[in-house]
Amino acid sequence: MIRTMLLAAAVFSLAALTPSPGRAGGDVKRGHELFQLCTQCHGDMGEGNHLALAPQIGGLPEWYVLKQLKGFRAGYRGQHIDDISGMRMRPMALTLASDADVEAVAAYVASLPPTPPKHELEGGDAVAGQALYAPCTACHGPDGNGMEALGAPPLRHASDWYLLTQLEHFKLGVRGTKPGDVQGGLMRPMAMTLADEKAMRDVIAYIAKLSEAQAAK
């Protein structure tokens, strides 16, 4: 537990030195036009599609979508042979012809209302997951709302199957090992504190409870 707390503190300190990505201020109308290609996998409202390995993205913060699109375009996301969904996403990101188009799509995605994702994972223990989530609060916040200053996205509307996949990817080095992926590099050691898939499912079950609590307000 002490080791985990020290690691969380180190992540918080390092992330605090990372400049805020800022807001793109993209053209939402242009983004709507460009997003039509994205609907094939992510759906009209960005609700996601597990069969297409496309997570729920509607309502994600503009700064975060912008950061991820730039990551796919730069190649520090979507080039690992074991990242099937990422390898599908990278060529889609590369269809955006300019920085202005990237900003426009990010702005449009952020303008969409979040779609509460379906709970697909089983076997998670939210009570055990609450303790495991404690180090995550340093960046993602106690309510899972994320922190822009630390580059940490909100988790409340994330697809549970996608969270499991990404935690596995961080643990295995599929994500978080490429130069330029600052936030991914900070996330990887945090994922490695989760001992096994059961621990991952537990923490995801707790995140689902956070989502339910927010929806009830």
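Values in this text are rule-based calculations from the coordinates and carry no lab data. Not measured: the values here are computed from a predicted model. In this analysis, Cβ positions are derived from the backbone assuming ideal geometry, glycine residues included, and neighbour counts consider all displayed protein chains.
Which residue fluctuates the most in the chain, going by a Gaussian network model with Cα springs under 10 Å, if the choices are 40, 183, 56? Of 40, 183, 56, the Gaussian network model singles out 40 as fluctuating most.
Measuring nothing but alpha carbons in region 104-217 and taking Rh as the Kirkwood radius, the Rg to Rh ratio lands at 0.96. For the chain, the longest principal axis of the Cα atoms and the long axis of helix 84-94 meet at an angle of about 40 degrees. How high is the FRET efficiency from residue 33 to residue 149, r the C-beta distance, R0 41 Å, rounded to 0.05? After rounding to 0.05, the efficiency reads 0.85.
Quick one: what does P(r) look like for the chain with 10 Å bins over all Cα pairs, in whole %? With a bin width of 10 Å, the distribution comes to 8, 34, 40, 16, 2.
Computed from Cα atoms, the angle from the helix 197-216 axis to the main principal axis of the chain rounds to 70 degrees.
The overall shape of region 22-134 is prolate: from the C-alpha gyration tensor, with semi-axes ordered a ≥ b ≥ c, the ratio a/c is 1.5 or greater and a/b exceeds b/c.
Basic side chains Lys and Arg get +1 at the Cβ, acidic Asp and Glu get -1 at the Cβ, and with that the dipole of region 2-216 about its Cα centre reaches some 480 debye.
Computed extension length for residue 125-residue 44: 25.9 nm, one decimal, from 0.36 nm per residue of separation with the Cα-Cα distance subtracted. Which residue, 134, 104, 54, tops the fluctuation ranking in a GNM of the chain built on C-alpha contacts under 10 Å? Of the options given, 134 has the highest mean-square fluctuation. Projected onto the charge dipole of the chain (+1 at Lys/Arg Cβ, -1 at Asp/Glu Cβ, origin at the Cα centre), which of 116, 53, 64 gives the Cα projection farthest towards the positive end? Looking along the dipole axis, the top candidate is 64. Our note on the geometry: Cα centres of region 129-147 and region 38-89, 23 Å apart. Along the axis of the charge dipole computed for region 2-216 (Cβ charges of +1 for Lys and Arg, -1 for Asp and Glu, origin at the Cα centre), the listed residues 149, 40, 206 are led at the positive end by 149. For the chain, modelled as a GNM whose springs connect Cα atoms under 10 angstrom apart, the maximal fluctuation among 119, 80, 50 occurs at 119. Once the C-beta distance of residue 134 and residue 168 is scaled by a Förster radius of 22 Å, the resulting FRET efficiency is 0.60 to the nearest 0.05.
A crude spin-label estimate for the pair residue 82 and residue 197, with each label 7 Å from Cα along the Cβ direction, gives 1.3 nm.
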